[in-house]
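Trainee: Below is the structure I would like to discuss, written out as structure tokens.
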Amino acid sequence: MRRPSPWTKIGAAAVVAVALAATGAAYAVEETPMDFPGGTMVTTDKAKALFDAGAVFIDARVPNEYAEEHIKGAKNVLYKETFPKVAKTDPADTFDPAKLPADKGTAMVFYCNGSPCWKGYKGAAEAVKAGYTKVNWYRDGIPAWKAAGYPVE
């Protein structure tokens, strides 16, 4: 009779953790918060209402993700992060607020791939720092938008 592998008992997640530990690799993920200091965190319904009212949507994802699919009419303004999927930022992170609307009172909705994607949150935080006053962060991002059947291109 065959004896079960010891890996069977501990499961696939543990195997991955052991493999990462053995290679010295680290993989941390943090869920994004449920609020947005300096601006407004919006739900899918509120994001759609802002969309219908003409707010500017800012997709903070990498250009190839944007090119594949984005919320209809969204502008791609990449937040390039050193530490993906965590709250931590770095002076080497880049975001170009000059690509945002000139009017700092323009309603904007920042998004990315939903939690734990931090690019939308970090980009929105940079907009607040740059003096924008109507900054909205759509935490659930494009996955929830698409699930609701709202327009993408």
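Here, each number is a calculation from the coordinates, and none is a lab measurement. Computed from a prediction, not measured in an experiment: that's the story for all the values here.
Trainee: Under the rule of at least 5 residues apart or a separate chain, name every residue whose amide H is placed under 5 Å from the amide H of W137.
Mentor: T40, M41, V42, F110
Trainee: Grab the Cα-Cα distance for K75 and D103, subtract it from 0.36 nm times how many residues apart they are, and report the gain in nm with one decimal.
Mentor: Computed gain between K75 and D103 is 8.5 nm.
Trainee: Name the long-range amide H neighbours of V152: under 5 Å, sequence gap of 5 or more, or other chain; modelled H, no Pro or chain starts.
Mentor: Under 5 Å from the amide H of V152 lie the amide H atoms of K72, each far enough along the sequence or on another chain.
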